[in-house]
Amino acid sequence: MAVAKVSLLDALHEHFGFDSFKGNQEKIIKSILSGKDTFVIMPTGGGKSLCYQLPALMSPGVALIVSPLIALMKNQVDLIRSYSSKDNVAHFLNSTLTKAQIKKVRTDLQSGKTKMLYVAPETLTKQENIDFFRELEISFIAVDEAHCISEWGHDFRPEYRRLKEMIDLVGSNLPIIALTATATPKVQSDIVKNLELRTPEVFISSFNRPNLYYEIRPKRKKDQTIKEIVKFIHLHKGKSGIIYTLNRKTTEELADMLVANGIKAVAYHAGLDSGTRAQRQDMFLLEEVEVIVATIAFGMGIDKPDVRFVIHYNIPKSLENYYQETGRGGRDGLEGLCLCFYSYKDVQKLEHLMRDKPLSEREMGAQLINETVAYAESAVCRRKVILHYFGEKYETENCGKCDNCRNPKEKIEVKNRVVIALKAISRLEERFGSDYVINIITGKSNPQISTFQHDKLDVFGEGKEFDAHFWNSLLRQMMLEGLIEKDIEEYGLLKITEKGKKFMKKPFSIYVALNHQFDEE
Ligand code: ADP
Ligand code: ZN
C-alpha cells in the first residue's frame, strides 16, 4: 500500500487533533498500513475505531468497515464527519437508506472522496453491491465487533460466519483487520479461523479495569434486595448508575420501586417503542434521571463516561456479558462500583430459558453459566477470575478492589462431606438431580423416595447435621472442582466424573469456601 510520507503523529494531529497515541494504537496502525492481516483485542473505550480510521484516511482507496449494528454505524459516521471538514469522507450503506441516498454514496465512492464505508454484513451478501465494490479500490477490510463470528462470544451473528466468503468476492488478498472488545481464547481462535487471517499480527491489550470495584452479594427476598439497592443508591445520591435485570417486567417493577423511594429512575427494554427508548436513553445521558433499569438491550454503544455504578439484579448468562455490562461503569477512569446480586434460583432461571434450545446450544450455554456461577461463588480475587477468563494472568496478591480481597472468605475442609455426596449419587445410580440427592443425604423422605425405598439406603440421612443450603452449595463446588457434572441431555441428573471416581477410591483433602447464605432468596 502506498502511503503518503507524513509521520503518523502528524496525521493523528491533522485528522483527529490528538497529540499522542493510546496504548497499542501506533503499532496497530503501522501493521495495517503495511498491509498485514491484523487482529486487535482491546477493551471498550480503548480507542479501537481510530486504529482503522487513521489508516483509512492515509491510504489510497476506501476501507470497508463491517459493523453489526445499523444504529452504531450512523453514530460512527457522524463522529468522523465531526472531525473532518468533508462530509463525504465517510458513509454507511445499509437497508435504512433511500434509493437517492444510495446513489449519492455510490457517486462519492466512485469519485474517490470517500475513505471509509461502513457496511452491515447483509450489505455484503447482495450481488449488486459486490459487483459495485469490485470496481473500487479497496484499501482494507475492517471487521468491527469481530466476536460476533463466534458462538462462544456474547453476541453471535450467523451472518458474520459468511464474511470471509464475501470479502473474497469483493477482491483477492485484501488485508483484513479484525477488532473486538471481547475475546476469550476460544473466541479468538474462532475469529482467526473464520476470517482465515494469514499469520496475523495480534495486539491484545489488558482487560483489567483498575478503577472498577467488584462485589457479589447474596440475593435475599425481593423486598430486602430492593431495600439494599435503594440504600446503596441513596449513598451515591445524584450519581448515574445502571441496573441490569433479566426481564422486561422486572425493569418496570424495579424502576417503580425506586421512584417510590425518591430516586429518579426509568425502565429500558426492547419491548418499548423506539421513540420511548431513545427518549429514556437521552434522559439518562442528560442526567434527567439518575438510574436506568434495563435489560441487556441497553448499553451497546452507550458512551456515558461517568456511570458511577452498575448493579446486576440478576446474574448475567456469561462472564463475558458481566464484563461488558460492568464495563460501562467508570469509563472516565474514575470510580465505578459493580455490584451483583446472586442467587442460585436466578441460575436456574437462566437454565430454564434455554430449555427449548438445541442440545449443542444448551451445552454451550450451560458451560457459560457454570463459569459465571464459579465466579460468583469463588473466594478468589474477582479481578483475577475475570482476567483469567480472558486468558490473562493477574499476579497481584490483593487487588484491594473486590469484596474477596477486602474481606477474605474462610475456607473449610470438606473431604468427608464430599465422600457422603458422592456415595449418595452413586447409590442412586446417577439417575437423580440435586434436589433428590440432597433429600437423601439430609434424610428427608417424600412419597417418591419411599416408593423407590431410597429411605432404606445406608446413605439416607448420613449428612443430616448440615442443611439443604449447605449441600446445595457443596454440590456446586464439587461441580466446579470437576468431581461431578450435570447431565445436559437428561437435564440435571448428577453424574460422577472420572475425577470423582478416583476421589471415591482414594479421598483427598479438599478445601472450599462455602457461601451457603447464597440460597436464601
Ligand atoms: P472503543 O471503540 O475501543 O470502545 P473508541 O474508539 O470509541 O473506543 O475510543 C474511545 C475514546 O477515546 C473516544 O472518545 C476517542 O475519541 C478517544 N481516543 C481514541 N484515541 C485517542 C487518542 N490517541 N488520544 C486521545 N483520545 C483518543
Ligand atoms: Zn481482588
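Looking for whichever is more than 16 Å from ligand 2 (Cβ to nearest atom) and either small (Gly, Ala, Ser) or under 30 Å from residue 209 (Cβ atoms) (or both) here; the options are 477, 448. Which one fits? Within the list 477, 448, the selection yields 477.
In the stretch 399-429, the qualifying residues are those that are farther than 16 Å from residue 439 by Cβ and aliphatic (A, V, I, L, M), and the one that is farthest from the chain's Cα centre (by Cα) is 419. For the stretch 382-395, taking the residues that are assigned to a loop (DSSP other than H, G, I, E, B) and surrounded by 12 or more Cβ atoms within 10 Å (Cβ to Cβ), the one that is farthest from ligand 1 (Cβ to nearest atom) is identified as 394.
Considering each residue of the stretch 124-146 in turn, at least one proves to be in contact (Cβ under 8 Å) with a residue 40 or more places away in the chain, in contact with a Leu (Cβ under 8 Å, 6 or more places away or on another chain) and among the aromatic types (Phe, Trp, Tyr). Mind listing whichever residues of the stretch 381-434 are of a type in the set (Ser, Thr, Tyr) and at positive phi? Passing the criteria: none in range. Being free of Cβ contacts under 8 Å to residues at least 24 places away in the same chain and within 20 Å of the chain's Cα centre (by Cα) is the requirement here; does residue 348 meet it? Considered against the rule, which asks whether it is free of Cβ contacts under 8 Å to residues at least 24 places away in the same chain and within 20 Å of the chain's Cα centre (by Cα), residue 348 comes out as yes.
Just to be sure, is residue 401 within 10 Å of ligand 2 (Cβ to nearest atom), farther than 23 Å from residue 232 by Cβ and surrounded by 14 or more Cβ atoms within 10 Å (Cβ to Cβ)? No: the conditions fail for residue 401. Among the criteria (1) part of a helix (DSSP H, G or I); (2) out of contact with any helix residue (DSSP H, G or I) (no Cβ under 9 Å at 6 or more places or on another chain); (3) surrounded by fewer than 17 Cβ atoms within 10 Å (Cβ to Cβ), the one residue 162 does not fulfil is (2). Please go through (1) assigned to a loop (DSSP other than H, G, I, E, B); (2) touching a helix residue (DSSP H, G or I) at 6+ places or on another chain (Cβ under 7 Å); (3) buried (at least 21 other Cβ atoms within 10 Å of the Cβ) for residue 323 and return the number of the only condition it doesn't satisfy. Residue 323 satisfies all of (1) assigned to a loop (DSSP other than H, G, I, E, B); (2) touching a helix residue (DSSP H, G or I) at 6+ places or on another chain (Cβ under 7 Å); (3) buried (at least 21 other Cβ atoms within 10 Å of the Cβ) except (1).
Of all residues in the stretch 16-37, none satisfies the criterion of being without any contact (Cβ under 8 Å) to a residue 60 or more places away in the chain, in a loop (DSSP other than H, G, I, E, B) and buried (at least 20 other Cβ atoms within 10 Å of the Cβ). Scanning the stretch 29-49 for residues that are of a type in the set (A, V, I, L, M, F, W, C) and farther than 11 Å from residue 179 by Cα turns up 29, 32, 33. Restricting attention to the stretch 40-56, the residues being in contact (Cβ under 8 Å) with a residue 40 or more places away in the chain and within 19 Å of the chain's Cα centre (by Cα) number 8.
Listed by position, the helices (runs of 4 or more DSSP H) inside the stretch 38-142 whose residues that are within 15 Å of ligand 1 (Cβ to nearest atom) number at least 2 are 48-58, 70-83.
Conditions (1) within 29 Å of residue 183 (Cα to Cα); (2) surrounded by 22 or more Cβ atoms within 10 Å (Cβ to Cβ), marked per residue:
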{"residue": "75", "(1), (2)": "yes, no"}
{"residue": "83", "(1), (2)": "no, no"}
{"residue": "98", "(1), (2)": "no, no"}
{"residue": "131", "(1), (2)": "no, no"}
{"residue": "142", "(1), (2)": "yes, yes"}
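Residue 443 meets each of the listed conditions (1) under 18 Å from residue 419 (Cβ atoms); (2) in contact (Cβ under 8 Å) with a residue 24 or more places away in the chain apart from (2). Checked against (1) more than 16 Å from ligand 2 (Cβ to nearest atom); (2) at pLDDT 90 or above; (3) hydroxyl-bearing (Ser, Thr, Tyr), residue 360 passes all but a single condition, namely (2).
If only residues of the stretch 173-197 that are within 14 Å of the chain's Cα centre (by Cα) and in a loop (DSSP other than H, G, I, E, B) are counted, the one that is nearest to residue 44 (Cα to Cα) is 181.
Scanning the stretch 362-381 for residues that are assigned to a helix (DSSP H, G or I) and over 17 Å from the mean Cα position of the chain (by Cα) turns up 362, 363, 377. Going through (1) touching a strand residue (DSSP E or B) at 6+ places or on another chain (Cβ under 6 Å); (2) more than 30 Å from residue 290 (Cβ to Cβ); (3) among the small types (Gly, Ala, Ser) one by one, residue 205 falls short only on (1).
The values are calculated or read from the model by the stated rules, or taken from the named source; none is laboratory data. Just so you know, these numbers come straight off a predicted model, no measurement behind them. So basically every Cβ, Gly included, is an ideal-geometry build from the backbone, and we count neighbours across all protein chains shown.
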